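Below is one structure, written out as structure tokens; comments come after it.
Just so it is clear, none of the values below were taken in a lab; they were calculated from the coordinates. Remember, predicted model here, so these are calculated numbers, not experimental data. FYI the Cβ positions are ideal-geometry reconstructions off the backbone, even for glycines, and counts take in every protein chain you see.
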Amino acid sequence: MIPFHEAMDEYRSQMEHGVIRQAYRGLMEYIRDLRVHFETTVPGSFVSGSIYPGYMDMTYFSFTPESLHRRKLKIAVVFLHETGRFEAWLAGMNKRIQAE
């Protein structure tokens, strides 16, 4: 691992090129649109009001169809930045449910 100040120099250099900023902005717009798609096309579902942007490790929002809500479960729609892929994770609505 390189020293923090060297990492910041590289970060600034990459930001000057603009490609990372453009890709990140496009990714966030896509995830926002995906969230709205679930919200508008799945009747009786609940979609979280916010998107967790993460620390460039993962970005996600939660989606809860009525059938899972009764079981106190939800689906996290997750984008993993390192691999560039989406995953769907089943999760409990709180820590107690997750422990069960």
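Table for the structure above
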| quantity | calculated |
| --- | --- |
| Counted charge near Ile20, where neighbours are those whose Cβ lies closer than 13 Å (Asp, Glu -1; Lys, Arg +1) | +1 |
| FRET efficiency, 1/(1 + (r/R0)^6) with R0 25 Å, evaluated for Arg25 and Phe46 via beta carbons | 0.40 |
| Within the chain: Cβ-based charge dipole about Cα centre, in debye rounded to nearest 20 (Lys, Arg +1; Asp, Glu -1) | 620 |
| On Cα atoms only, tilt of 4-17 relative to the major axis of the chain in degrees | 90 |
